[in-house]
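Presented below is the structure to which this report refers.
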Amino acid sequence: MFPAPIHTKGPFAVISYRVAVIIALVLWLIPLLAIALTSVRSLEDISKGNLWGWPSKFLLIENYSAVFTTTPMAIFLLNSILITVPTVIGAIALAAMAGFALAKYKFRGNILLFAMFIAGNFIPFQILMIPVRDLMIGLGMYDSIGGLVAFHIAFQSGFCTLFMRNFIKALPDALIEAARMEGVSEVNIFFRIILPLVRPALAALAVLIFTFVWNDYFWALILAQTDSVRPVTAGLQSLKGMWVASWQLISAGSIIAALLPVSIFFMMQRHFIAGLTLGATKE
Amino acid sequence: MDAIMTSPVSLSRPAVQRSFWRRHEKTLAPAMFLSPALFAFLLFVVWPILSSVWISFHEWDGLGPKIFIGLDNYRELFSDDKFYVALVNNIKWLILYLLAPVGGLIIALFLNQQMPGMRLIKALFFFPFVISQVVVGVIFSWFYDPNFGLLNVVLNAVGLPSIAPLGDEHMVTYAIIVAGLWPQIAYCMILYLTGLNNVNPELIEAARMDGCKGFPMFWNIILPQLRPATFIAVVVTVIGALRSFDLVAIMTNGGPYDSSTVLGYFMYEQAIFAYRMGYGAAIATVLFLIMDIYIAFFLVSMLRKEAE
């Protein structure tokens, strides 16, 4: 292990390390702590400039319920869920199939298609913006949840395919050959053999894509116009314009917007990190 | 094919009776599995790229007819001061964003200890990456607020005058980059923590036996083994820097006086607010070409690894 384990250096080192870690963590998270404290502050505190001291009173329930009663935050949240959940399912379904095809079949253009899915991940969104927007208007899907879902599925299928393909590639070919010998059809090989084996990869992808799509701002800006379609990211930004002085509401709104991805991250931490570090550790 | 032909099932029935699908299953299956993802990707990613390049040769307000003007958009772009402001800002992003792998590595080395509670601590350090850039942007614009932001509280406390980073054209881009570095460092930290986890312990022990420790140990033994993590960290950081849009849009809208604009935001502004789709497409194409250098670099090294 590097650096050398701290407990080999004696109890003093352990204690000072502990203290240093806590101080570093507090400094690192100051922006978040501030926003959390402000989300329970009173308006008087804010107008008096008491933004960094202790709140004069804690308005946890008042402020958080005010977000839902005085702003369309509930609709934004619902929209985010309606956009994110189908996207996760759709993108992963498409990518599991495509990843299987790219990993376990030899055909001309295999590597080329794989390269296309990889490259597609890294392009700037702006190169897609005008045609995708026009396409959505043409299809009657502009400013609709369906339009955002369709685009996100298509775009995320690139990353997911890359991911699934590498994961399936690592499964032994003998497994598939044996199944073919038994007369198992290709479709059943996918459903009965591959899918059960790639469950961990599907979980990793699901949490990752959930976070990516939940946090998307650009496409929400480009493809959604009305509050009834806007997800929390774009909604929060529009709130910021409307409620410039109501920092306690903006803060509470920000916390609400972050709550779902953060709790999913904590529940599925291992999967999340496995997804992000794909290929980062093996040469 | 052979596998099916020699399987007991296919031998028990004459080949002619088997359906077309069954006979060509192994050739058709990959096409069938691939087609939904391929169709979606071609429709919403590949075709729009080509279409954008095509639009960049036109004058178009988004509604009326497209007028072909050849390279005029590009000529205009290369003589547009704002383009150079955006380009220079993108370069600033690119250079300063490379502090993220460095910072991530430092934090990872600091946190790479096994103690009760360390997993939670690491997860909390990773926090900024999980939350949306919109929230990051909101938090930091508040941090920088000239009247009550924490930055000025701290500056005043040490006897320095207040500043307004987001209102100052010389400071604004740096102020936004700092906000962007926060989640980016968290991301790189996770990559390095995973990398450190997989460092060969025998190699470390052997080096320790030889009396190697501290910085020489890090430089000669550890860092080479972290190469895959460094590679991914640099790639995602460079791409992230070139893609920067969210924070600029949230924190400043490119202002003051367009001083914090980047190519991604400049394009959006021209297309959406100025109704200049052709010009916007030209900006997007230039950004795309710049990014292609990095994408090609990534693809080549990834496919080379693949071939091994």
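Here are a few things to note about the model shown:
- Residue A:132 vs. criteria more than 9 Å from chain B (Cβ to nearest Cβ), buried (at least 21 other Cβ atoms within 10 Å of the Cβ) and part of a helix (DSSP H, G or I): no
- From B:66, B:82, residue being touching a residue at least 40 places away in the same chain (Cβ under 8 Å) and open to solvent by 50 Å² or more (accessible area, probe 1.4 Å): B:66
- Failed criterion for residue A:101 (all others in (1) within 24 Å of residue B:243 (Cα to Cα); (2) open to solvent by less than 20 Å² (accessible area, probe 1.4 Å) hold): (1)
- Some residue of segment B:249-271 being more than 21 Å from residue B:174 (Cβ to Cβ), within 10 Å of chain A (Cβ to nearest Cβ), touching a Phe, Trp or Tyr at 6+ places or on another chain (Cβ under 8 Å) and at pLDDT below 90: no
- Subset of segment B:266-284 (residues that are in contact (Cβ under 8 Å) with a residue 12 or more places away in the chain and open to solvent by 10 Å² or more (accessible area, probe 1.4 Å)): B:268, B:269, B:270, B:275, B:276, B:277
- Matching option when the condition is among the basic types (Lys, Arg) and under 30 Å from residue B:197 (Cβ atoms), among B:92, B:82, B:122, B:66: B:122
- Among residues of segment A:104-129, those that are outside any loop (DSSP other than H, G, I, E, B) and either within 27 Å of residue B:246 (Cα to Cα) or among the small types (Gly, Ala, Ser) (or both), counted: 10
- Residues of segment A:172-202 satisfying the condition of being within 28 Å of residue A:85 (Cα to Cα), out of contact with any Phe, Trp or Tyr (no Cβ under 8 Å at 6 or more places or on another chain) and modelled with pLDDT of 90 or more: A:187, A:188, A:189, A:191, A:192, A:193, A:195, A:196, A:197, A:199, A:202
- Within segment B:206-254, the residues that satisfy the criterion of being among the small types (Gly, Ala, Ser) and not in a helix (DSSP H, G or I) are B:211, B:244, B:254.
- Between A:158, A:183, the distinction of being facing another protein chain (nearest Cβ under 10 Å), assigned to a loop (DSSP other than H, G, I, E, B) and of a type outside the set (Asp, Glu) belongs to A:183 only.
- Only one of the listed residues (A:237, A:225) is away from every other protein chain (no Cβ under 11 Å) and more than 27 Å from residue A:111 (Cα to Cα). That residue is A:225.
- All positions within segment B:123-150 that are under 20 Å from residue A:261 (Cα atoms) and more than 7 Å from chain A (Cβ to nearest Cβ): B:126, B:128, B:129, B:136, B:137
- Within segment B:57-173, helices (runs of 4 or more DSSP H) holding 3 or more residues that are under 25 Å from residue B:231 (Cα atoms): B:81-97, B:99-111, B:118-130
The values are calculated or read from the model by the stated rules, or taken from the named source; none is laboratory data. Since the model is a prediction, treat every value here as computed from it, not as a measurement. Ideal geometry is used to build each Cβ from the backbone, glycine not excepted, and the neighbour counts take in all protein chains shown. Ligands, DNA and RNA are stripped out before the accessible areas are found, and what is left, the full protein with its side chains, is counted by its heavy atoms. Shrake-Rupley method; radii C 1.70, N 1.55, O 1.52, S 1.80 Å.
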